[in-house]
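To keep things clear, I will list the structure first and then write my remarks on it.
What follows is calculated from the coordinates using simple rules that are stated; it is not laboratory data. Just so you know, these numbers come straight off a predicted model, no measurement behind them. Glycine also receives a Cβ, built like all others from the backbone with ideal geometry; neighbour counts cover every protein chain displayed.
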Amino acid sequence: MRRKRGRPLDGWLIIDKPPGLTSTDVVNRVRRAFDAQKAGHGGTLDPLATGVLPIAFGAATKTVPYVMDGTKVYRFSLRFGEARDTDDADGQVVATSDVRPSDAEITATLSAFRGDIMQIPPVFSAVKVAGERAYDMAREGRAPVLEPRPARVDRFELVDRPSADLGVFEVQSGKGVYMRSLARDLAAACGTLGHVAALRRLRVGPFMEGKAIPLDKLARGEDTPPASPDLLLPVATALADIPALALTETEASGLSHGQAISLVALMGRIPRAADPDGGLARAMAGSRVIGLCRLQDGWLKPERLL
């Protein structure tokens, strides 16, 4: 059997993604810089976007779904007066409007986009329609009709107004919320057209902008040794937002072998933030993370062991 190329590394690296690259481009460059066997990313950013792109190595790839479920924070510039086919500055102008909303009109409209909303994804998105990616259909001139889907927006604020044409917004949201759709729909609700002119992600779950490393710091030449594994954060960093539950070594051993634990035996230790009806908990033995467990039907059941 042929050995996988690269070093077996486990952990997380937070990249400050530059504009003009896909998230996959960034993963490939980082994997080469570390000479790593296995790497993936924790949440796609469009080529136009910059900011926090968590890169998972080795065992950390198992925790990617939990990172993608975490809170996201974005800042974007909305350019009023132009609709584009991609809903961002990379697309072609398809319609224009002379209407420019006032700050007061924008602020009054924002409340309709907070909380649990329904949102139609951009036509140029990775949503699948009858097995095909929407962006592939759109590029071929077969723009699909996409259905509204639920989205959760916890915060949506106007933070700057550099000119009548531009508004700068900050958004805190759950997973699967499209900033391009928010920009398009907010402009429409204000009686005009609009698209995302610039987009930056400031947070993904426990990963913050302040910890992000510029991609060009990892540039590796032909004769340059691989980047140091000391730059990587522990695998369990991804789970920091999930409530911790302390176990004894005996309980941890049982859990590691797939055994469920009665919640009655854990009374007094179950964190308040853990939902007893299907919620997740981070099982700990001392400072060691055993894995993720689900509280269900009176039991603590192992879901993803590390």
Bridge orientation stat for the chain from DSSP, antiparallel percent rounded to 5, came to 85 percent
Inverse of mean 1/r across different Cα pairs in segment 72-204, Kirkwood, Å: 15.0 Å
Which whole-number percent gives the relative contact order of the chain, counting Cα pairs below 8 Å spaced six or more residues apart? 21 percent
Residue by residue, what Karplus-based ³J(HN,Hα) values in Hz, rounded to whole numbers, does segment 18-29 have, using 6.51, -1.76 and 1.60 with θ = phi - 60° and x for Gly and Pro? x, x, x, 10, 7, 4, 5, 4, 5, 4, 4, 5
Taking the convex hull of Cα positions in segment 19-146, its mean projected area over all directions (nm²): 10.4 nm²
Answer in debye to the nearest 20: the dipole magnitude of segment 14-90 about its Cα centre, from +1 Lys/Arg and -1 Asp/Glu charges placed on Cβ, is 400 debye
Förster radius 30 Å - calculated FRET efficiency between Arg304 and Ser228, Cβ distance, rounded to 0.05: 0.60
Select from Ile213, Pro122, Leu9 the residue farthest towards the positive end of the dipole of the chain; place +1 on Cβ of Lys and Arg, -1 on Cβ of Asp and Glu, and compute about the Cα centre. Leu9
Neighbouring Cβ atoms within 10 Å as the yardstick, rank Ser125, Ser111 fewest first. Ser111, Ser125
Using θ = phi - 60° and the Karplus relation 6.51 cos²θ - 1.76 cosθ + 1.60, list the HN-Hα couplings for segment 229-241 in order, rounded to whole Hz, with x at every Gly or Pro. x, 4, 6, 7, 8, x, 3, 5, 4, 5, 9, 4, 7
How far is the Cα center of segment 69-138 from the Cα center of segment 191-219, in Å? 17 Å
Cα gyration tensor of segment 242-305, axes a ≥ b ≥ c as square roots of the eigenvalues: rounded (a/c below 1.5), prolate (a/b > b/c) or oblate? rounded
Within segment 184-285, list the GluC sites (Glu not before Pro) lying in a DSSP loop whose Cβ has at most 13 other Cβ atoms in a 10 Å radius. Glu222
Using alpha-carbon coordinates, inclination of helix 179-189 to the longest axis of the chain, degrees: 40 degrees
Could you quote the convex hull projected area for the chain, Cα atoms only and averaged over all directions, in nm²? 20.1 nm²
P(r) tail fraction, segment 136-257 - alpha-carbon pairs more than 17 Å apart, %: 76 percent
Apply the Karplus parameterisation 6.51 cos²θ - 1.76 cosθ + 1.60, with θ equal to phi minus 60°, to every residue of segment 138-153 and state each ³J(HN,Hα) to the nearest whole Hz, in sequence, with x for glycine and proline. 5, 5, 8, x, 10, 3, x, 8, 9, 8, x, 9, x, 9, 10, 10
Checking the cross-link filter: which lysines have an alpha carbon closer than 27 Å to that of Lys72, excluding same-chain neighbours under 8 positions apart? Lys17, Lys38, Lys62, Lys128, Lys175, Lys211, Lys217
